[in-house]
Amino acid sequence: EATCITEMSVMMACWKQNDFNDAACAEEIRVFYDCVAKAEKERRNQNEDTLSSKGNLPSSKVNKLLRRFPQITYYI
């Protein structure tokens, strides 16, 4: 999932308007990094919630991961 797209767009627009000067866009950069940190924290919390007390994944998560990373074997 894409997160912080709006913040990134504002930051890049500021850079373009100010000849890629970080000092002129300090506030936009800070807002973007804050958004990234918040999204990363939420992602970690979500990953922790999916694991049971024994560290096992529920079947729905296993199926999702298997679809995402298929193990294709070819028999000749």
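Tallying residues that are outside any helix (DSSP H, G or I), under 16 Å from the mean Cα position of the chain (by Cα) and surrounded by 11 or more Cβ atoms within 10 Å (Cβ to Cβ) within the range 1-28 yields 2. Close contacts from the range 26-41, counting a first residue that is over 11 Å from Met8 (Cα atoms) and a second that is open to solvent by less than 60 Å² (accessible area, probe 1.4 Å), with Cβ to Cβ under 8 Å and a gap of 6+ residues or different chains, come to Ala39/Cys4. When the range 45-76 is filtered for residues that are open to solvent by 100 Å² or more (accessible area, probe 1.4 Å), at pLDDT below 75 and in a loop (DSSP other than H, G, I, E, B), the ones remaining, listed by number, are Ser53, Lys54, Ile76.
The values are calculated or read from the model by the stated rules, or taken from the named source; none is laboratory data. Nothing here was measured: the structure is a model prediction, and the numbers come from that model. Here the Cβ is made from the backbone with ideal geometry for all residues, glycine too, and neighbour counts use every protein chain on show. Just so you know, the surface numbers come from the protein's heavy atoms only, side chains and all, with ligands and any DNA or RNA stripped out. Shrake-Rupley method; radii C 1.70, N 1.55, O 1.52, S 1.80 Å.
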